Amino acid sequence: MDQRGLSKTYKAVKIKVGGRVQGVGFRPYVFSLAKRWQLNGTIQNNSDKVIIHVEGEEYSIEHFLHHLKESPPLLAKITNLEHQPTVYKSYQQFSILESDLTGSPLPAISADSAVCQDCLNELNDPSNRRYHYPFINCTQCGPRYTILEKLPYDRKHTTMHSFMMCEDCLEEYGDPMNRRHHAQPTCCAKCGPSLSLVNQKREVIAEGESAIRGTIDALTEGRIISIKGLGGYHLACDMKQPYAITHLREIKSRPTRPLAVMMRSLEIVKQYCHVSLKEEELLTSPIMPIVVLKQKINRSLPNELAPGLTTLGVMLPYTPLHYLLFKLGGLEGIVLTSANSSGLPIKYHDKDLFEKGGLSEFSLTHNRVIKNPLDDSVVEVNGLDETYLRKARGFVPEPIKTTIDTSGIVALGGQQKNTFSIGIGEHILMSPHIGEVDNEEMLDHFIQQIGVYKRIVNIDMDHVAIDKHLGYSVNKLAKDLSPNVVTVGHHHAHHVACMEDNGVVDPCVGIILDGTGYGEDGHIWGFEFLYGDAAAYKRLAHMCYCPLPGGEMAVKEPWRTASGMILHHWPKEGQEMAERLFPDKKAEISILKKMVKLKINSPMAGTCGRLFDTVSAILGVCLKSSYEGEAAIKLAGYMNENYLNARSIEKVAQSYPFKIIQSAKGPFQLDFSPMISQIIQEKEQLQLEEIIYKFHQTVVLSCVEMILALYKEKAWLPKRIVLSGGSFQNGYLSRELSNSLKQKGFKVYAHQQIPCHDGGLSFGQLIIAAHKVKNEKLK
Amino acid sequence: MVQRISLAHGEGGELTHQLIQEVFMSAFSSKKEIQHDSAVFPIEGKRIAVTTDSYVVQPIFFPGGNIGKLAITGTVNDLAVCCAVPKMITAGFILEEGFALSDLNKIVHSMAEEAKAANVKIVAGDTKVVEKGSADGIFINTTGIGAISEQVCSPAIKKGDCVVVSGTIGDHGIAILSARNQLGLLTDVQSDCASLHSLIQSLLEQVDGIRLMRDPTRGGLATSLVELCEDFQFSVELEEDLIPIRREVTGACNILGFDPLYLANEGKVVIVCDSTNKDKVIEIMQNHKYGEEAKVIGKVISVNDSNGKLYSRTQIGTTRRIHRLNGMILPRIC
Ligand SMILES: [Fe+3]
Ligand SMILES: [Mg+2]
Ligand SMILES: [Zn+2]
Ligand SMILES: [Zn+2]
């Protein structure tokens, strides 16, 4: 009897919780929460929600709800929570009901998660039965999507079905109060997967803990080892041994592109890199992505890790196996990069790893099968904003709410950094980052990934959306998927991807700063001011066109793009100007001049990416790029605050001249030739950093002025602006442009969860196709 | 919008293919014949081959030949790859008002010379002169008639069959390009323009198991092989490393951003043959002055492929799908 007498009221409520609430330990959590507040009732999963019925004292129910909202399980992500009074049923206890799969078919697939603190504590406890067991996991951590064969997510539908749980594990699995209650991949040394270290002939050299110790020894000796991770094999070597890194680069045919490292602990990371609070939060989150950090100036890490860059991609040990690799030895960090030759798909089956003897002498492998391959995610932080350069492990595949019905549509994205998207009701499922799809191996991989989705979420494909570029490899797949092909303009897709990412549906202005995309007039676009929505758009302005002598070759060799621009703007003295800038390309430049004049293999382009390339080449920062975006990435590297401070570069608000060419009929144009000529002059007088700083400010200013000019002429334009395109991976550009426009009174939308680069194309394509399909139906 | 003919319709690539399929084949309702460079049919018990071709090359004089020589070799080769022995050629000339007679003389003489070397007779001709501006100097059309030889190809392609090319590719394309535009490419690459009937005849006489032949002219080796793969329903994998290309051609391509697989050739033949006879094929070719650099460049990886495809293994170990020449190739990389 309550001490306060008879004043207490009994109530019953029905609670519906949506979002990521399955496979994340939600039910055991609710179970213990109900116990704690002495509430009875039931909890049941249905296809896309968790339904809770609790009854008891009103006061307790309020506390129960408060906790549910404020401190859900670590991996849960509640997107909506509704509750309403219901009939009191006088339950005698709280119980978990069998799942009801009759609800809406929206798939709830959990993402793989880094090992949790509770599991780490057990891993380190000699008295625990999972002491040093490299596959320890629980409802709060461990593999999910990578082992999933089909839905619903149940042990029998994962690759763990081949391991029979021992009695101890089974007991934990069945106990609603245990944190391994319904932890589908749960296991222990007695019943679960095991490790082995094998040589190139696949002979086992060591097993269990000695396999880990053997791996540590080999890494310490400077060898390259393949290590089976969550979503595929990595190639690893000691991050401190330049020779080993060079060797690894040779094996992988990846001469200069930066490599990611996994470091022992946050403390070690802080020794080598600057880590902001936001970066720390990301590094240690359950996603544990690769975070692109700024290296400390007096860093002692080998330059071979990220040649010519001031940044370094760093992650922390995210599986118990990785954790043990550090715990049982003295390594501070290891290079960890996917175990495949550059340009080929990630390897995740033993048979592929050992193809042609494999890439490394030894491999640390295990018998938990990876069903769905997955790369590591990569994120970069600008101030408080995070920009995902690659979304994969820890993210996918999570349905993203849309503003329109997308059923039956699949969008194939672009050529590089590619993803595909699949429509399902008012949601989109986006594939993980797949990468550049330009060879048959990657194309097969891409098709296979679409197959994974078809297997997991049984959907129809009535329409397929693709880019308008005829040469994109994935476009050749469209006809096989569906006869109804919708082609979408590259920059329209970027524009709409950003609108939808922010829930904007009314027409708005978009500034799309990008690499090279196919434009509707047959030229190459990428510095665009658009106005429109998913149904239609208009091009308001763009950067003026310059030739790219050699086509794709120019994109790989920024000195060509620079020469093309110079030869175009200064037909007379351009040759001499270019020759002075690139003295060892004299012979080529005279040919380039003729190519430009005679229009031989010299497509016309006006793109931000190529503008960055031009400046990068003129300043000698990057003449030839050995990986995608190298010239722009290196240029942006000079904008690193710590670096600028250390070199005491004055950050004065200065910019270069440029011209806005207004036109009554066609779009306005931006002409950067005055800037180019001044940069060439100042190259000899100013420090590189100052020029690069001024250049960045010019790009920002040119966009702001163009916007003002456009609004002056078209006062009716809405004051909403979306920012999209690959150039916004440049933190300075996105931050400064967004701030400057906000100061002028515009509402500015940058990307949230969808990548600004071509990884976001499929998302935009799908929305545009959905509008087209809807409009056709209305007709 | 009125659809009009663009220059790309004449490049021998995707648009040419569409033009042939959608305009000519549907109107002339001829299917089988167009699979080959010549039409083969019987007349009074003898099988003969007929082909026709127009020559509009610019410049008309180029390193390694001129439009007249090309008008003979091109037609001779189209007959030869259909296993025909070239016998007769007719020639039609369209001359622009003001064209130099001396140039015409040079051109006609090289035609006569090349015809003699190829052992064909020029049996009939026609001349039209058009107003200045209606043509560009000189256009030539030749029609060739050949007798089908006793030894013919049998296109019973098998998995594992070899793909052989008779020499370096891209020479003609680069020679014409640098002659036309005075690009200042530091090459003295000559057009490979040559009559291949004797090389092809010796192959047919001395080796069994020659399945198919094609002269990879417009659209280059790539387009020719794609067409063979589609028409005869098999797939081929080339080894990029093995394809013979002159250093100067590679150099020029590196500057211009061209892919040598798409450059025109005027004196090369590509052959699909039984792999057991490949050494013999190579030996015969290499002993001939027009086949000294013959190489096996790939193999048939599947047959009865309703959707025959051409692939290439690249130097970095990836597989590239090769399509027909498709207008100007716009950059795809960001
Ligand atoms: Fe793009
Ligand atoms: Mg011909
Ligand atoms: Zn855990
Ligand atoms: Zn167990």
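The values are calculated or read from the model by the stated rules, or taken from the named source; none is laboratory data. In this text the structure is predicted, and so the values were computed from the model without any measurement. Ideal geometry is used to build each Cβ from the backbone, glycine not excepted, and the neighbour counts take in all protein chains shown. Quick note on the areas: whole protein, heavy atoms, side chains included, nothing else; ligands and nucleic acids left out. Shrake-Rupley method; radii C 1.70, N 1.55, O 1.52, S 1.80 Å.
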For segment A:546-561, pairs from a residue that is in contact (Cβ under 8 Å) with a residue 12 or more places away in the chain and surrounded by fewer than 24 Cβ atoms within 10 Å (Cβ to Cβ) to a residue that is β-branched (Val, Ile, Thr) and not in a loop (DSSP other than H, G, I, E, B), with Cβ under 8 Å and 6 or more apart or across chains, are none
Against the condition among the charged types (D, E, K, R), within 14 Å of chain B (Cβ to nearest Cβ) and either in contact with a Gly (Cβ under 8 Å, 6 or more places away or on another chain) or part of a loop (DSSP other than H, G, I, E, B) (or both), how does A:LYS347 come out, does it pass? yes
Being of a type in the set (A, V, I, L, M), crowded, with 20+ Cβ neighbours inside 10 Å and within 16 Å of ligand 3 (Cβ to nearest atom) is the filter; apply it to segment A:123-150 and report the residue that is farthest from A:CYS191 (Cα to Cα). A:ILE147
Can you say whether A:GLU250 is assigned to a helix (DSSP H, G or I) and at pLDDT 95 or above, as far as the supplied structure shows? no
What do you reckon, is B:ASN277 in the same structural domain as B:GLU205 (by TED's automatic domain parsing), in contact with a helix residue (DSSP H, G or I) (Cβ under 6 Å, 6 or more places away or on another chain) and closer than 28 Å to B:LEU204 by Cβ? no
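Here is a yes/no grid of residues against (1) in contact with an Asp or Glu (Cβ under 8 Å, 6 or more places away or on another chain); (2) touching a residue at least 60 places away in the same chain (Cβ under 8 Å); (3) within 16 Å of ligand 3 (Cβ to nearest atom):
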| residue | (1), (2), (3) |
| --- | --- |
| A:VAL457 | no, yes, no |
| A:MET461 | no, no, no |
| A:LEU470 | no, no, no |
| A:PRO483 | no, no, no |
| A:ASN502 | no, yes, no |
| A:ILE512 | yes, yes, no |
| A:GLY517 | yes, yes, no |
| A:GLU520 | no, no, no |
Considering segment B:174-199, residues that are farther than 20 Å from B:ILE243 by Cα and part of a helix (DSSP H, G or I), and then whichever is farthest from the other protein chains (Cβ to nearest Cβ), we arrive at B:SER198
Just a yes or no: is a residue in segment A:151-171 charged (D, E, K, R) and either within 12 Å of ligand 3 (Cβ to nearest atom) or under 19 Å from A:VAL396 (Cβ atoms) (or both)? no
Scanning segment A:606-624 residue by residue, those more than 8 Å from every other protein chain (Cβ to nearest Cβ), over 17 Å from A:TRP570 (Cβ atoms) and open to solvent by less than 20 Å² (accessible area, probe 1.4 Å) turn out to be A:GLY606, A:THR607, A:CYS608, A:ARG610, A:PHE612, A:ASP613, A:SER616, A:LEU619, A:CYS622
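Results for (1) polar (S, T, N, Q); (2) within 16 Å of ligand 1 (Cβ to nearest atom); (3) part of a loop (DSSP other than H, G, I, E, B); (4) free of Cβ contacts under 8 Å to residues at least 24 places away in the same chain, shown as yes or no for each residue.
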site	(1), (2), (3), (4)
B:VAL2	no, no, yes, yes
B:GLN18	yes, no, no, yes
B:ILE72	no, no, no, no
B:CYS82	no, no, yes, no
B:ASN105	yes, no, no, yes
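Considering each of B:ILE72, B:ILE94, B:ILE122 in turn, give the residue that is touching a strand residue (DSSP E or B) at 6+ places or on another chain (Cβ under 9 Å), surrounded by 23 or more Cβ atoms within 10 Å (Cβ to Cβ), more than 26 Å from B:PRO155 (Cβ to Cβ) and not assigned by TED's automatic domain parsing to the domain that holds B:GLN201.
Working: B:ILE94 fails: surrounded by 23 or more Cβ atoms within 10 Å (Cβ to Cβ); B:ILE122 fails: surrounded by 23 or more Cβ atoms within 10 Å (Cβ to Cβ).
Going through B:ILE72, B:ILE94, B:ILE122 in turn, just one is touching a strand residue (DSSP E or B) at 6+ places or on another chain (Cβ under 9 Å), surrounded by 23 or more Cβ atoms within 10 Å (Cβ to Cβ), more than 26 Å from B:PRO155 (Cβ to Cβ) and not assigned by TED's automatic domain parsing to the domain that holds B:GLN201: B:ILE72.
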Going by the conditions given, is B:ALA100 surrounded by 23 or more Cβ atoms within 10 Å (Cβ to Cβ) and outside the structural domain of B:ARG214 (by TED's automatic domain parsing)? no
Tell me, please, whether a residue that is over 13 Å from A:ILE15 (Cα atoms) and in a loop (DSSP other than H, G, I, E, B) can be found in segment A:50-68. no
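Going by the structure shown, is B:LYS280 crowded, with 18+ Cβ neighbours inside 10 Å and either at positive phi or away from chain A (no Cβ under 14 Å) (or both)?
The answer is no for B:LYS280.
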Please count how many residues of segment A:551-602 are assigned to a loop (DSSP other than H, G, I, E, B), within 10 Å of chain B (Cβ to nearest Cβ) and farther than 15 Å from B:ASN254 by Cα. 1
Answer yes or no as to whether A:LYS665 is open to solvent by less than 50 Å² (accessible area, probe 1.4 Å), more than 11 Å from chain B (Cβ to nearest Cβ) and basic (Lys, Arg). no
Matching residues, segment A:738-766, being more than 14 Å from chain B (Cβ to nearest Cβ) and within 16 Å of ligand 1 (Cβ to nearest atom): A:ALA750, A:HIS751, A:ILE754, A:SER762, A:PHE763, A:GLY764, A:GLN765, A:LEU766
Condition broken by A:ASN439, with the remaining ones in (1) open to solvent by 10 Å² or more (accessible area, probe 1.4 Å); (2) over 21 Å from the mean Cα position of the chain (by Cα) satisfied: (1)
